[in-house]
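Worksheet: the structure to be examined is printed underneath.
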Amino acid sequence: MDKILLLNGPNLNLLGQRQPEIYGSETLDDVVATCTALGAELGVEVDARQSNHEGVLVDWIQEARGDAAGIIINPGALSHTSVAILDALNAFEGPVMEVHISNIHKRERFRHHSYVSGRAEGVIAGFGTDGYGFAMRRIVAVLA
């Protein structure tokens with residue numbers, strides 16, 4: 001069974017509490033439960049992790065090189081600043097899907113650019129937490 005690494009970056013542990021008018025009321029635990037159930041339905045294992053620390057995310061991406069078939073990542077604010085995450089993703093050979101709960105292109109100008117997008121096979125933004133399910137379905141299709 002293929003494993004999908006589901007990574008969430010800074011502040012996503014506060015889903016459901018932080019700016020619900022932008023990010024909604026679902027918690028990260030809700031997102032993980034939904035993705036895990038969908039993964040089982042699609043025949044993949046989901047390894048979900050969250051960190052507020054860039055280096056930890058880089059370490060997990062590097063570990064995935066020998067362990068995961070694909071990565072779904074919501075890097076949060078690190079999307080716009082982290083060349084280190086981009087470099088780690090470039091060393092990963094499987095598909096990468098980037099997810100943003102909000103539409104980053106309707107927000108502050110500095111959020112319009114994502115380093116991760118240059119590596120991702122797909123970018124899903126602005127669909128709320130439903131974007132994670134879209135990413136799960138797409139990454140499984142790409143792996144097939």
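A short reminder: the numbers here are calculations on the coordinates, not readings from a lab. These numbers were taken from a predicted model, which means no experiment stands behind them. Backbone-built Cβ (ideal geometry, glycine too); neighbour counts: all protein chains shown.
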Alpha-carbon centroid distance for the pair segment 8-31 / segment 63-126, whole angstrom: 17 Å
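What does the convex hull of the alpha-carbon atoms of segment 20-101 project to on average, in nm²? Intermediate values should be presented prior to the final figure.
Details: hull surface 22.8 nm².
Computing the convex hull of the Cα atoms and averaging its projections yields 5.7 nm².
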Select from 72, 22, 85 the residue whose mean-square fluctuation is largest in a Gaussian network model of the chain (Cα-Cα springs shorter than 10 Å). 22
May I have the extent of the alpha carbons of the chain along their three principal axes, as whole Å values ordered from largest to smallest? 38, 31, 23
Dipole in debye (nearest 20) - the chain, about Cα centre, beta carbon charges: Lys, Arg +1; Asp, Glu -1: 500 debye
Report the label-to-label distance for residue 27 and residue 1 in nanometres (one decimal), using points 7 Å from each Cα along the Cα→Cβ vector. 2.4 nm
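Rounded to the nearest 0.05, what FRET efficiency is calculated for residue 84 and residue 18 with R0 set to 25 Å and r the Cβ-Cβ distance? Please list the in-between numbers first.
Details: r = 24 Å, r/R0 = 0.96.
With R0 = 25 Å, the Cβ-Cβ based efficiency is 0.55.
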